[in-house]
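Colleague: Handing you this structure, nothing more for now.
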Amino acid sequence: MQREAQFYTLFNSKGTKVTLSNAGAAITDIQFLDKHGILQHLVAGFDRVEDYLSAKTKAWNLCLGASVGRVANRISGGGFHLDGQFYALPQNNGMHLHSESCGFQHQIWTVKEQTNNKLIFALEQEAGSCGYPGNIHVSATYTLNEENQLSLVYEATTDATTVLNLCNHAYFNLAGSGSVLDHRLYIPTQKFLETDKQVVPTGKLLDTKTHNKDFSVEARVGDRIGEGLDLAYALEKEHQPLRLFAPETGIEMQVVSNQLAVQVYTPPSFKGLVLRGDNNADFPAICLEMQGYPDAPNRPEFPSIVVQPNEVYRSATTYSFSVIK
């Protein structure tokens, strides 16, 4: 089994390159030509693979480009009930976030298959890891095609009823550097999840227009960001395209997924991290985390993330890159 952290590169004939790592089954770099013919780096990341394993990076829990699970986002109340049993989960400041230290993002995955345009990572995790039931077998399949589409498919099976909610946590900047405040964003919904002070959903859905968080009509990110976004938008149905666009480079990214929520997160800075390129601006990136509803195990009114032993969990997302001149 491969246990050393390494980089792997997918490429196509158009000059697009995607760099991945078995450390967290992560997207560490996407290189794409902009409208000026300049090759831009579209996600925040490190140039050295060992930096993804450092204690500081883990402590910040930024999950740079990583595959997050077993359950991405937050679980409140110290754990969750399932089939009449309570499963206690580790807490950090009263919250269970991104599965804490047992998260898939902190594991070294095995490479199962590799070609020029496809890479399959695999991971096994024992029942009881951080309190979760079920032995888990999970795979992450990345594929880059000639149309500059990067697809990511997570599949998982369990031998006991459990909960699963995987997502990718890439930090995008389609301008390659600087701030994302001038990026334009479209999200096809007018509903987002109300949260408390710990960013835990209350169970209510709020209107995006009323709260100046609306991207159902494409809008400049800086006009909606306030002190920063960390919101789950509720999508009405699967496979509705989201759009992110950087006028400076002309690069557009469309995101299509079978997931029913997108967590939009804009870190205020990357202060203290030595990342690739110039990342010293305020709001240097934006995350579009396609996932199930946060805290779903404690919210029966939310779409369920429970997986049975006779099921195959499947989360599929495609990122399509193009240039508008």
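The values are calculated or read from the model by the stated rules, or taken from the named source; none is laboratory data. The structure presented is a predicted model; accordingly, all values stated were derived computationally and were not measured. No Cβ is skipped: glycine too gets one built from the backbone with ideal geometry, and neighbour counts run over all protein chains shown. Only protein heavy atoms, including side chains, enter the accessible area calculation; ligands, DNA and RNA are left aside. Shrake-Rupley method; radii C 1.70, N 1.55, O 1.52, S 1.80 Å.
Colleague: Only one residue in Leu181, Leu174 is more than 30 Å from Asn310 (Cα to Cα), in a loop (DSSP other than H, G, I, E, B) and open to solvent by less than 10 Å² (accessible area, probe 1.4 Å), so which one is that?
Modeller: Every option except Leu174 fails the conditions.
Colleague: Please list, ordered by first then second residue, the pairs with beta carbon atoms under 9 Å, 6 or more apart or interchain, first in the stretch 73-96 and on the phi > 0 side of the Ramachandran plot, second assigned to a strand (DSSP E or B) and open to solvent by 80 Å² or more (accessible area, probe 1.4 Å).
Modeller: Listed by first residue and then by second, the contacts come to Gly78/Phe86; Gly79/Phe86.
Colleague: Search the stretch 230-254 for residues being touching a residue at least 60 places away in the same chain (Cβ under 8 Å) and surrounded by 19 or more Cβ atoms within 10 Å (Cβ to Cβ), and hand back the single one that is farthest from Leu39 (Cα to Cα).
Modeller: Across the stretch 230-254, the extreme among qualifying residues is Ala232.
Colleague: Working carefully through the options Tyr142, Tyr132, Tyr154, find the one that is out of contact with any Pro (no Cβ under 9 Å at 6 or more places or on another chain), aromatic (Phe, Trp, Tyr) and over 26 Å from Gln6 (Cα atoms).
Modeller: Being out of contact with any Pro (no Cβ under 9 Å at 6 or more places or on another chain), aromatic (Phe, Trp, Tyr) and over 26 Å from Gln6 (Cα atoms) holds for just one of Tyr142, Tyr132, Tyr154, which is Tyr132.
Colleague: Further, regarding this structure: Specify the residue that is surrounded by the most Cβ atoms within 10 Å (Cβ to Cβ); the eligible residues are those in the stretch 193-229 that are β-branched (Val, Ile, Thr) and in contact with an Asp or Glu (Cβ under 9 Å, 6 or more places away or on another chain).
Modeller: Val200
Colleague: Ok, one more. Would you mind listing the strands (runs of 3 or more DSSP E) fully within the stretch 193-257 where at least 1 residues are more than 26 Å from Asp295 (Cβ to Cβ)?
Modeller: In the stretch 193-257, 242-246, 251-257 are the strands (runs of 3 or more DSSP E) which contain 1 or more residues that are more than 26 Å from Asp295 (Cβ to Cβ).
Colleague: Right, another one. Quick one: how many residues across the stretch 2-18 are in a strand (DSSP E or B), out of contact with any helix residue (DSSP H, G or I) (no Cβ under 9 Å at 6 or more places or on another chain) and not hydroxyl-bearing (Ser, Thr, Tyr)?
Modeller: So the answer is 4.
Colleague: If I filter the stretch 289-296 for residues that are surrounded by fewer than 16 Cβ atoms within 10 Å (Cβ to Cβ) and outside any strand (DSSP E or B), do I get at least one hit?
Modeller: Among the residues of the stretch 289-296, not one is surrounded by fewer than 16 Cβ atoms within 10 Å (Cβ to Cβ) and outside any strand (DSSP E or B), which makes the answer no.
Colleague: Go through (1) surrounded by fewer than 21 Cβ atoms within 10 Å (Cβ to Cβ); (2) modelled with pLDDT under 95 for Gly103 and report which single condition fails.
Modeller: Unmet for Gly103, out of (1) surrounded by fewer than 21 Cβ atoms within 10 Å (Cβ to Cβ); (2) modelled with pLDDT under 95: (1).
Colleague: For the stretch 118-126, check the following and say yes or no: at least one residue is surrounded by fewer than 19 Cβ atoms within 10 Å (Cβ to Cβ), closer than 18 Å to Tyr313 by Cβ and either touching an Asp or Glu at 6+ places or on another chain (Cβ under 6 Å) or in contact (Cβ under 8 Å) with a residue 24 or more places away in the chain (or both).
Modeller: No, the stretch 118-126 has no match at all.
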